[in-house]
Amino acid sequence: MARVAVDVVLKAEILDPQGQAILGALARLGISGVSDVRQGKHFQLEVDGSVDDEQLAKIADTLLANPVIEDFTIRR
Amino acid sequence: MTAVAVDTVARAAATPEQPQPYAELGLAEIEYRRIAEILGRRPTSAELAIYSVMWSEHCSYKSSKIHLRQFGEKAPQTDTLLVGMGENAGVVDAGDGWAVTFKIESHNHPSYVEPYQGAATGVGGIVRDILTMGARPVAVMDSLRFGPLGLPDTDRVLPGVVAGVGGYGNCLGLPNIGGETAFHESYLGNPLVNALCVGVMRTDGIKLARADGPGNKVVLFGARTGGDGIGGASVLASASFDQEHQKKRPSVQVGDPFAEKVLIECCLEIFAADLVVGIQDLGAAGISCATTELAAAGTGGMDVELDLVPLRDPTLVPEEILMSESQERMMAVVAPDRLDDFLNVCAKWDVLATVIGTVTDSGRLRMTWHGEQIVDLPPRTAAHEGPVYDRPIERPYDQDVFVEHDGRTLPRPRTGDELRATLLRLTSSPNLASKSWVTDQYDRYVQGNTVLAAPEDAGMIRLDESTVRGVALSVDGNGRYTNLDPYVGAQLALAEAYRNVAAAGARPVAVTNCLNFGSPEDPGVMWQFAEAVRGLADGCQILRTPVTGGNVSFYNQTGNLPILPTPVVGVLGVIDDVTRRTAQGFRTDGALVYLLGETEDEFGGSEWAYTVHGFIGGRPPTVDLARERLLADVLINCSRDGLVDSAHDLSEGGLAQALVECCLRGDAGARIVLPEGADPFVALFSESTARAVVTVPRTEEVRFTDMCTARRMPFARIGVVDLLDGRLEVQGLFSISLRELRRASASTLPRRFG
């Protein structure tokens with residue numbers, strides 16, 4: 001068994017209202033120096049050896065992420 | 001950031017032969033040549049961006065314009081219309097100094113690409129249209145059409161669209177008071193998402209989209225501009241950018257309902273303090289549309305410093321800024337002495353506001369980019385004087401096939417058991433089944449002014465807490481009818497929405513429409529369109545309900561296969577006292593069930609033929625608009641005088657479906673006796689128009705029948721409500737328990753979507 005992490009974030013050019021809200025909250029808390037926030041989803045998958053990179057990409061592409069507006073990265 | 005050579009006006013004049021990607025931007029060669037003629041030189045790439053979006057079908061109505069004129073030419077005389085077609089939305093007098101504005105718009109294509117965001121931004125866009133008129137948006141409705149239930153793509157699109165409509169509307173705190181959801185194969189690769197919004201204001205608060213008064217400031221406020229919805233602009237950029245830059249340009253717009261909510265409150269405060277001369281929302285074609293339309297409608301000129309536009313993505317080039325469809329943005333024209341007040345209100349609401357230009361009387365729209373002139377054009381040529389096409393029209397040959405194969409020979413149910421099974425099958429069909437899976441995801445009662453909401457015939461809201469005045473709205477369409485006969489089909493959609501509003505007790509006064517069709521370059525589709533517009537304009541004339549505005553959506557097709565022609569018609573009615581409205585459900589024990597109107601053997605395009613036999617053919621039901629007016633008068637009088645305690649219009653599925661809905665809505669049984677001598681199948685399932693089911697308390701029966709007789713409204717007593725007997729019984733034929741009816745009606749959508 002191995003743990004695989006998949007991160008899903010909105011594509012760089014897609015508006016991220018939640019990220020903007022976090023950015024606004026940082027300013028209200030008096031924290032300066034943060035110029036942008038992008039939020040996303042983090043998945044941890046426990047997989048056995050039969051799941052190869054191609055299958056992981058398929059899982060991410062068809063279920064975990066919405067490829068129209070999101071990018072994903074897979075880390076083994 | 002690498003400096004990019006900007007295509008300035010001077011450069012355009014000096015390099016007349018430079019090739020430009022007009023075809024990729026959707027402009028025909030003749031259109032490109034006309035632009036060059038107007039300007040006396042080739043356009044700069046920024047000007048090309050403006051013309052390409054403003055002269056697109058979506059913004060210029062170039063294929064539909066010559067037909068849409070009929071809505072104005074045939075408009076009935078009425079004193080209730082305060083603002084007619086041509087503005088962002090029509091405004092109707094609701095009495096006592098109240099005015100309401102409403103409009104419906106499509107967001108079909110984006111909703112197929114990305115269902116959630118497509119539908120959400122569709123709602124956001126129409127809400128801003130209403131806001132732009134100076135009104136507070138108070139309710140939304142939606143008309144949705146999908147491919148067949150049970151196919152994987154419908155599983156992807158439907159839940160996304162419903163969540164998007166609900167997500168955006170709920171976050172804004174706007175009740176969704178009704179609409180429709182329908183299914184047909186032709187919508188599989190091209191769903192229809194039509195969103196309607198209604199707003200309320202005082203009659204003296206109407207705002208118009210115009211930039212008057214030289215020296216006044218042009219202010220862009222709301223969200224920053226990003227790369228949303230500018231897939232097309234990458235063509236312009238491709239000449240000078242690498243692949244990496246292009247890849248970053250999404251064609252999906254993402255909505256931010258919380259930003260829109262703040263924008264609404266900010267605008268309403270600005271309106272209340274009378275701080276703007278003119279205002280326009282940024283929708284399709286973004287800044288291009290707002291600047292050209294404001295300038296064209298006002299003094300005629302505007303100077304804009306495009307580099308002052310606040311950006312979400314600093315790498316955007318002028319062409320992209322001009323074409324961006326980023327959401328939640330508005331443009332206002334403000335007198336210099338009110339500017340500080342205006343900016344203070346924006347600051348209070350934390351809304352970014354930036355002065356980007358000045359109104360002039362030069363008759364030119366001029367834009368600079370870091371001091372260099374990149375746009376210099378007469379705004380009217382982009383906003384109003386775009387190309388107009390009289391597209392070829394040809395009646396498709398298969399229209400004759402429809403008439404020849406009219407479905408008369410389809411086997412019909414005869415026995416009580418067969419009729420019972422048919423009723424259950426229709427009630428559980430995707431088109432007729434309960435849509436509560438959809439509408440339960442919408443907040444229907446937020447703000448506390450909702451009087452009636454789905455699944456009632458019409459949605460109804462009180463205008464304000466201080467009054468009992470209200471408006472009722474219904475949206476309807478039927479692609480099958482329209483396919484069989486576009487002229488009649490459009491009138492049937494109008495008649496149904498009109499009838500729904502009247503059934504609730506409101507007087508129908510105005511119409512908005514969303515015309516969803518295939519490609520205008522297909523002469524057959526163009527014939528459907530021309531016929532539908534003619535039918536709708538004629539119908540509105542007879543019903544004395546002017547068209548106040550709307551939207552045309554062409555190119556709804558998968559490959560070469562167009563959708564069923566689908567004009568969706570929204571009718572708005574006013575009611576003096578919402579406490580006198582009539583709801584749909586049976587509710588009084590012993591009340592007498594009356595059928596108003598006459599029933600003929602009419603099954604062309606019917607739900608029965610489609611659901612049971614998969615058949616679409618024959619003639620759609622006959623339209624009798626004079627009879628519809630009579631029926632509406634009767635229903636409104638009954639409501640006002642308390643002669644009925646429920647009313648429900650008859651449409652798809654006929655009397656049987658109406659009875660099922662009345663019983664389930666009121667959780668009450670009924671014993672029905674079909675008129676003597678009538679063919680039970682025709683009586684139960686025919687879709688003849690201008691009919692309604694009402695229940696009359698016994699004490700009111702004489703007054704009711706006297707009134708119908710005096711007005712020559714055909715009526716028949718067909719049964720009695722029995723609250724305790726949990727069955728719908730059709731005497732001598734069959735009876736079905738409410739439990740079984742509810743299971744049939746309510747399980748269709750949840751079975752698929754959980």
Q: Kindly list the number of the only condition in (1) more than 30 Å from B:Gln441 (Cα to Cα); (2) under 37 Å from the mean Cα position of the chain (by Cα); (3) buried (at least 17 other Cβ atoms within 10 Å of the Cβ) that fails for B:Ala746.
A: (1)
Q) Just checking, how many residues over segment B:204-233 are in contact with a helix residue (DSSP H, G or I) (Cβ under 7 Å, 6 or more places away or on another chain), over 16 Å from B:Leu352 (Cβ atoms) and either within 14 Å of chain A (Cβ to nearest Cβ) or of a type in the set (A, V, I, L, M, F, W, C) (or both)? A) 5
Q | Residues being farther than 22 Å from B:Val219 by Cβ and of a type outside the set (Val, Ile, Thr) - total across segment B:377-388 | A | 6
Q.
Looking for something surrounded by 24 or more Cβ atoms within 10 Å (Cβ to Cβ) and over 22 Å from B:Thr695 (Cα atoms) - is there at least one such residue anywhere in segment B:581-603?
A. yes
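Table: residues versus (1) within 14 Å of the chain's Cα centre (by Cα); (2) within 14 Å of chain B (Cβ to nearest Cβ).
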position	(1), (2)
A:Ala12	yes, yes
A:His42	yes, no
A:Val51	no, no
A:Leu64	yes, no
Q) Quick one: B:Cys638 ticks every box in (1) of a type outside the set (A, V, I, L, M); (2) buried (at least 24 other Cβ atoms within 10 Å of the Cβ); (3) under 12 Å from B:Leu423 (Cα atoms) bar one, so which box is it? A) (3)
Q: Could you tell me which of the residues B:Ala139, B:Ala163 is at pLDDT 95 or above, aliphatic (A, V, I, L, M) and surrounded by fewer than 24 Cβ atoms within 10 Å (Cβ to Cβ)?
A: B:Ala163
Q: Please work out if B:Arg329 is within 30 Å of the chain's Cα centre (by Cα), crowded, with 18+ Cβ neighbours inside 10 Å and within 14 Å of another protein chain (Cβ to nearest Cβ).
A: yes
**Q.** Counted residues, segment A:20-76 - those being over 30 Å from B:Pro257 (Cβ atoms) and not acidic (Asp, Glu)
**A.** 14
(Q) Can you find, within segment B:51-73, the residue that is surrounded by the fewest Cβ atoms within 10 Å (Cβ to Cβ) among those that are under 12 Å from B:Gly386 (Cα atoms) and touching a strand residue (DSSP E or B) at 6+ places or on another chain (Cβ under 7 Å)? (A) B:Tyr61
Q.
Consider segment B:471-503. How many of its residues are under 30 Å from B:Asp96 (Cβ atoms), among the small types (Gly, Ala, Ser) and touching a Leu at 6+ places or on another chain (Cβ under 6 Å)?
A. 2
Q.
Every residue in segment B:488-534 that is surrounded by fewer than 24 Cβ atoms within 10 Å (Cβ to Cβ), more than 24 Å from B:Ala583 (Cβ to Cβ) and not aliphatic (A, V, I, L, M), please.
A. B:Ser519, B:Pro520, B:Glu521, B:Asp522, B:Pro523, B:Gly524, B:Trp527, B:Glu531, B:Arg534
Q: Identify all residues within segment B:350-394 that are crowded, with 17+ Cβ neighbours inside 10 Å and within 14 Å of another protein chain (Cβ to nearest Cβ); write none if there are none.
A: B:Val351
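The values are calculated or read from the model by the stated rules, or taken from the named source; none is laboratory data. Remember, predicted model here, so these are calculated numbers, not experimental data. Cβ coordinates were reconstructed from backbone atoms using ideal geometry, including for glycine residues, and neighbour counts include every protein chain displayed.
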